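Colleague: To start, I am sharing the structure in question, which I have written as structure tokens.
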Amino acid sequence: MVRKLTLRQHDALIGFFLILPSLIIILGISLQPILSTLYFSLFEASRGINAPQTFIGLGNYVTLLTDAVFWAAIGRTLYFTLVSVGLELVLGLAIAQLIHTRPPGWRFLRTSLIIPWAVPTIVNGTMWRWIYNADYGALNGLLLQLGLINKYIPWLTKPELAMNLVILADIWHSVPFIALILQAALATLPADLEEAAAVDGANALQRFLLIRLPLLRPAILVALVIRTVEAFRVFDIIYVITNGGPAFSTVTISYLTYLETFSFGHIGRGSALSFLISLFTLVMAFVYIRILYRPEEKL
Amino acid sequence: MKNLKTPFALTIVLALLAGALGCQPAQQAGPATIRVLTMEQAGPTVEEMNAIVEEFNKANPNIKVEIEYVSYDALHDKITTAMASTPPAYDVFLVDDIWYAEFAKAGYILDVTDRITKDMRDKIFTASWDITTVGGKVYGMPWLLDEKYFYYNEELLSQAGFSAPPKTWEELVDQAKVIKEKGIVEYPIVWSWGQYEAAICDWVTLLYGNGGRLVDDSGKPVFNDETGVKTLTWMLQTIDEGITNPASVSYVEEDVRNVFSQGKAVFATNWVYMYDLVNFNAEQSQVTGKIKMSLMPAFANSGVQSATINGSMGFSVAATSPNKDAAWKYIEFLTSEDVQNRYSAHLLPIWQTSYQGESLNKLMGYTPANATTVPMFNEQFPFAHVRPKVAYYPEASKALQLALQLALTKQKTPQQALDEAAAKWVELAK
Amino acid sequence: MNKVLRTLILVMLVALVLLFIYLPVAWLVISSISTRAELLSTPIHWIPQQPTLQNYLNIFFPSQGVSEVARTFRITLWNSFVVASSVTAITLVVGSLAAYALIRLRLPFSQTMLIGIMGTRMIPEISLVIPLYIFASRLRLLNTPTILIITYLSFALPFAIWLMAAFFDTIPIELEDAARVDGCSRLQTLARIILPISAPGLVSTGLFVFLTAWDEFFFALIFTSTVAAKTVPVAIAEFTGRYVVDVGSMMTGGVLAAIPPVLFSLIFQRYIVSGLTAGAVKG
């Protein structure tokens, strides 16, 4: 006998069917690999997936957490994330502010911002790799002609520079994203608050720091979190520009996972790495869902 | 909502089932399909390779070969991934020399020692079996035999007053000094000592040319012994004396080719691919018609006449392939004397007999470059050395690359750097 | 501050940012129309003395000696387009339904589901390659656009759902209530009220998804091997042989690979801004 559904149950039922296809696709594709990765992380599956595997429980995790190479990779990834996102934020804010003041050519500027952001990652990486080329690259050519260097420098062979060069390539690609978000947010800010402050004697800097910046907080937060999660998992651009080199100086945590899993064949260790990375990013994601989703709108 | 918990639970089960669906082995029916994974620019052109496949398919109606081409960088990763599934996504693949030990240990490739006939053993270059042999067992047929050659710019060399290329590295240094003094080029020789596999290749060439070895008979690293340190010190000296192009410490093979093609170096070592481009391709080279090859020098008093790096590849059967025999049949066909002789416009045959009599003339006549490279290959190959067949080679190589780089950039002494790398090798061997 | 001086400074700043944006791209384009000799010359040729369209000709009208990669580049462009468009279309349809359900229809466990869906995106994609490869291999989906589409869908949906949910959230609930009062069912409300109003949001979501799908490299590299499914990022990577690096063709491929996403972004640029706004400002 079919009970008559309340409006709420009726809604929920429809909602269930609406969300079903998405759930099937997402879980169907991702769930099994995630579970199998978790499974492999508990084994010492080195030298390939067909090789004999011994169950070692949390052994891989312990090895990783006590491995200097792992922590070095974490360190580099944090460096990449902080510097990259930090600079993007500052530059993005500056550019957003610039557009907001409506200087001549602001429309063209805003449109142009889209280009670096739309360029595919691999094109971006290849392009910058060529710019950094030791013998024929544009960077060397430019700096030489400007008199800033007197001899071509093999940029990508310098461990201390390589990471920063990758960061530059990443910044070029990602600043527009932040600039556009912040610029849109700026456009919606009410002008009266600042006008009142101006009347009260606050100068431009004070108005900016004490009124505008706080009002931009939600937008900054969103941009920050999205970019941080992305930056922490960076892989493609490293693969294209430096392949982890020179001397491991650009091996981020994702790249280390690639090395372990594919180049060295340590499937077990690679899987454990993946979970550790997921843990880090999950924490970050949890933070942003907390901040962005108002619990009172649910149920 | 109580009565909705069931549907939700069902969804999760559904999703898991969808994933589990992928766990049923695929069915096989009809003619045995052999999937081959290889590389573009791996000898014959794509058209030629496809033609060989067609020939084979016609001659073997119950086997169907399908061939796919990927870039070198992707080849290793694709093989690793392909072997993760059962049945494997490919039955035959091209394996680089330095992956053989790794793949053998991982159980990716089939032991074909028993399938090698005496005929093959005798008639194929002995040095080429080094490539596909790991621990005394053969795991594939050699393919794309390549080694590093000694190139020199005859015109520039004669300008310096020399009529013959150097036979020893010491002689090269003497010639280079004269070249440099006369202002013919600033840095007479250019190498690929960048922190890549390329550096290892040059290192092997020089180390073995000094009577040294990378590992001893038990597999222990010995490259940090007296000979090794001497060799590395020699390399540093050539940079200090302005004989070696200092940019070499960041170069790979292509960079060497670029420098050499612009006439900025008189000597260089590189794989065979450079010869055609540098001597016959006016679009890419400014020194066409002036380049010759000679036997790779060695160090005087080392007891070694010549030494170079063996950088060939091989075709192997996937160990878990359901059609091993068919797969091997294809490889046999591909590497057979007959097929190789017919398609050697871009490929050096692995059969020694191809380099004799009528076959030799035919080989040499294919392209202008072949007239030089073919006899040169025949002469040089017996002196080619492979890198150690150890399963941990990728990691080991990175450690050695780092050591060479640190020494060449004077961040560590040669002894220090090599010792550290040797220690890492020992650690990896555990 | 003096008005003229202020304007001057602003113009200089704008010029500076424009330089930052355009210089690398300009170099990319210049490299694609340079001959190899000019690419490898020192001092550097900022403006090629003998510009050539040969690289582009090799791709669009390949002759005998042209490399296999260049010859098949067009096909990879088409493959990328097919994959990216399919992913976008399916995501918009399936995702908007899910987003609506999450926002308006008070589902149980919606918070959990959201976290769960987002959670699947936390694991680095590298780790998913091998298990997914096995899955695809068993289902004979290797080297087909289908497996790429399915994979990218699972990557794109979570983000798309979140974005679209944010858009739907901005629609005043009174509008929906009015429609319900007038007799529309939930689904009719969705079709007639929600979707049209949030069209800008849908467009911007679609754009993000398209860009992400077009961009993807590693999975395409491992899952595809012939022109049956190879996408543009893989093709660009293949201009590097074992030793030879074909710089000119790589730059050309880069330009061609960048044109569709850049073009689409420029066409729909209004929606990008509104998209980012809804996600960020309303937050």
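Colleague: I'm trying to understand the selection: among the residues of the range C:115-169, which are more than 21 Å from the chain's Cα centre (by Cα), within 25 Å of A:L279 (Cα to Cα) and small (G, A, S)?
Modeller: C:G116, C:G119, C:S127
Colleague: Restricting to the range B:133-142, give me the number of residues that are in a strand (DSSP E or B) and either in the same structural domain as B:N270 (by TED's automatic domain parsing) or out of contact with any strand residue (DSSP E or B) (no Cβ under 7 Å at 6 or more places or on another chain) (or both).
Modeller: Of the residues in that region, 4 qualify.
Colleague: Have a look at A:I56, A:I99, A:I19, A:I95 and point out the one that is among the hydrophobic types (A, V, I, L, M, F, W, C), away from chain B (no Cβ under 14 Å), crowded, with 19+ Cβ neighbours inside 10 Å and over 26 Å from A:V234 (Cβ atoms).
Modeller: After applying the criteria, what remains is A:I99.
Colleague: Tell me which of these A:E194 doesn't satisfy, since it passes every other one: (1) over 26 Å from C:I44 (Cβ atoms); (2) surrounded by 22 or more Cβ atoms within 10 Å (Cβ to Cβ).
Modeller: Here A:E194 meets the rest and fails (2).
Colleague: If we keep just the residues of the range C:1-50 that are assigned to a loop (DSSP other than H, G, I, E, B) and farther than 23 Å from B:L277 by Cβ, which is farthest from the other protein chains (Cβ to nearest Cβ)?
Modeller: C:N2
Colleague: Taking A:I153 and the conditions (1) away from chain B (no Cβ under 14 Å); (2) crowded, with 16+ Cβ neighbours inside 10 Å, which numbered condition does it fall short on, given that it satisfies the others?
Modeller: Single failed check for A:I153: (1).
Colleague: Report yes if B:I67 is assigned to a strand (DSSP E or B), free of Cβ contacts under 8 Å to residues at least 60 places away in the same chain and among the β-branched types (V, I, T), otherwise no.
Modeller: Spelling it out, B:I67 is indeed assigned to a strand (DSSP E or B), free of Cβ contacts under 8 Å to residues at least 60 places away in the same chain and among the β-branched types (V, I, T).
Colleague: Separate question: Could you give every pair whose Cβ atoms fall below 6 Å, whose first residue belongs to the range C:130-148 and is more than 8 Å from chain B (Cβ to nearest Cβ), and whose second residue is surrounded by fewer than 22 Cβ atoms within 10 Å (Cβ to Cβ), counting only separations of at least 6 or pairs across chains?
Modeller: As it stands, the answer is C:P131/A:S36; C:P145/C:V82; C:I147/C:L141, since those pairs meet every condition given.
Colleague: Scan the range C:235-252 residue by residue and report those that are in a helix (DSSP H, G or I), facing another protein chain (nearest Cβ under 8 Å) and either in contact (Cβ under 8 Å) with a residue 24 or more places away in the chain or under 17 Å from the mean Cα position of the chain (by Cα) (or both).
Modeller: Once the filter is applied, which keeps residues that are in a helix (DSSP H, G or I), facing another protein chain (nearest Cβ under 8 Å) and either in contact (Cβ under 8 Å) with a residue 24 or more places away in the chain or under 17 Å from the mean Cα position of the chain (by Cα) (or both), the range C:235-252 yields C:I236, C:V247, C:M251.
Residues are listed down the side, and each one gets a yes or a no for (1) within 18 Å of C:L19 (Cα to Cα); (2) out of contact with any Phe, Trp or Tyr (no Cβ under 8 Å at 6 or more places or on another chain); (3) away from every other protein chain (no Cβ under 12 Å):
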| site | (1), (2), (3) |
| --- | --- |
| A:W106 | yes, yes, no |
| A:P120 | no, no, no |
| A:L168 | yes, no, no |
| A:H173 | yes, no, no |
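Colleague: Of all residues being among the β-branched types (V, I, T) and surrounded by 14 or more Cβ atoms within 10 Å (Cβ to Cβ) in the range C:8-43, which is farthest from the chain's Cα centre (by Cα)? Just the residue, please.
Modeller: Here the answer is C:T35.
Colleague: Let me ask something else. Let me confirm something: among A:I49, A:I74, A:I24, A:I95, which residue is at pLDDT below 85 and aliphatic (A, V, I, L, M)?
Modeller: From the options A:I49, A:I74, A:I24, A:I95, the qualifying one is A:I49.
Colleague: Taking the range B:269-301, which residues are in a loop (DSSP other than H, G, I, E, B) and out of contact with any helix residue (DSSP H, G or I) (no Cβ under 8 Å at 6 or more places or on another chain)?
Modeller: Within the range B:269-301, B:N281, B:A282, B:N301 qualify.
Residues are listed down the side, and each one gets a yes or a no for (1) in contact with a strand residue (DSSP E or B) (Cβ under 7 Å, 6 or more places away or on another chain); (2) among the basic types (K, R); (3) part of a helix (DSSP H, G or I); (4) within 28 Å of C:V203 (Cβ to Cβ):
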site: C:S63; (1), (2), (3), (4): no, no, no, no
site: C:V83; (1), (2), (3), (4): no, no, yes, yes
site: C:L107; (1), (2), (3), (4): no, no, no, yes
site: C:A166; (1), (2), (3), (4): no, no, yes, yes
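Colleague: Where the second residue is charged (D, E, K, R) and the first is surrounded by fewer than 17 Cβ atoms within 10 Å (Cβ to Cβ) and lies in the range C:174-196, which pairs have Cβ atoms under 9 Å and are six or more apart or on separate chains?
Modeller: Every condition considered, the pairs that remain are C:R180/C:R186; C:C184/C:E176; C:C184/C:R192.
Colleague: Continuing with this model, one more query. Determine which single condition C:G95 fails, assuming it passes every other condition in (1) modelled with pLDDT of 90 or more; (2) within 30 Å of A:G15 (Cα to Cα); (3) more than 7 Å from every other protein chain (Cβ to nearest Cβ).
Modeller: (3)
Colleague: Another question about this same structure. Given the conditions (1) surrounded by 18 or more Cβ atoms within 10 Å (Cβ to Cβ); (2) closer than 23 Å to B:K389 by Cβ, report the number of the one that B:R115 does not fulfil.
Modeller: (1)
Colleague: Could you list all residues from the range B:322-343 that are surrounded by fewer than 21 Cβ atoms within 10 Å (Cβ to Cβ), over 15 Å from B:V53 (Cβ atoms) and not basic (K, R)?
Modeller: Passing the criteria: B:P322, B:D325, B:E337, B:D338, B:N341.
Colleague: Same structure, new question: If you go through the range C:90-102 one residue at a time, how many are surrounded by fewer than 24 Cβ atoms within 10 Å (Cβ to Cβ) and either touching a residue at least 60 places away in the same chain (Cβ under 8 Å) or touching a strand residue (DSSP E or B) at 6+ places or on another chain (Cβ under 8 Å) (or both)?
Modeller: 4
Colleague: Regarding the range C:212-223, can at least one residue be identified that is surrounded by fewer than 23 Cβ atoms within 10 Å (Cβ to Cβ), of a type outside the set (A, V, I, L, M), more than 24 Å from C:V94 (Cβ to Cβ) and more than 8 Å from every other protein chain (Cβ to nearest Cβ)?
Modeller: No, that holds for no residue.
Colleague: Need the failing condition index for C:I126 against (1) free of Cβ contacts under 8 Å to residues at least 40 places away in the same chain; (2) within 7 Å of chain A (Cβ to nearest Cβ), just the number.
Modeller: Condition not satisfied by C:I126: (1).
Colleague: Are any of the residues in the range B:209-217 in contact (Cβ under 8 Å) with a residue 24 or more places away in the chain, over 18 Å from the mean Cα position of the chain (by Cα) and part of a helix (DSSP H, G or I)?
Modeller: No: zero hits.
Colleague: A further question follows. Can you name the residue in the range B:241-272 that is of a type outside the set (G, A, S) and free of Cβ contacts under 8 Å to residues at least 60 places away in the same chain and, of all such residues, is nearest to B:A42 (Cα to Cα)?
Modeller: B:E254
Colleague: Regarding the range B:327-350, can at least one residue be identified that is part of a helix (DSSP H, G or I), more than 22 Å from B:E40 (Cβ to Cβ) and in contact with a strand residue (DSSP E or B) (Cβ under 6 Å, 6 or more places away or on another chain)?
Modeller: Within the range B:327-350, one or more residues are part of a helix (DSSP H, G or I), more than 22 Å from B:E40 (Cβ to Cβ) and in contact with a strand residue (DSSP E or B) (Cβ under 6 Å, 6 or more places away or on another chain).
Colleague: Quick test for you: out of C:L92, C:L141, pick the one residue that is over 30 Å from A:T6 (Cβ atoms) and assigned to a helix (DSSP H, G or I).
Modeller: C:L92
Colleague: Scan the range C:65-81 for residues that are part of a helix (DSSP H, G or I) and either crowded, with 22+ Cβ neighbours inside 10 Å or polar (S, T, N, Q) (or both) and jot them down.
Modeller: If the condition is that a residue be part of a helix (DSSP H, G or I) and either crowded, with 22+ Cβ neighbours inside 10 Å or polar (S, T, N, Q) (or both), then C:V69, C:A70, C:F73, C:T76, C:N79, C:S80 are the ones that fit.
Colleague: Could you tell me whether any residue of the range A:6-26 is small (G, A, S) and touching a residue at least 60 places away in the same chain (Cβ under 8 Å)?
Modeller: The answer is no, given that none of the residues of the range A:6-26 is small (G, A, S) and touching a residue at least 60 places away in the same chain (Cβ under 8 Å).
The values are calculated or read from the model by the stated rules, or taken from the named source; none is laboratory data. Remember, predicted model here, so these are calculated numbers, not experimental data. Cβ atoms come from the backbone with ideal geometry, glycine included; neighbour counts cover every protein chain shown.
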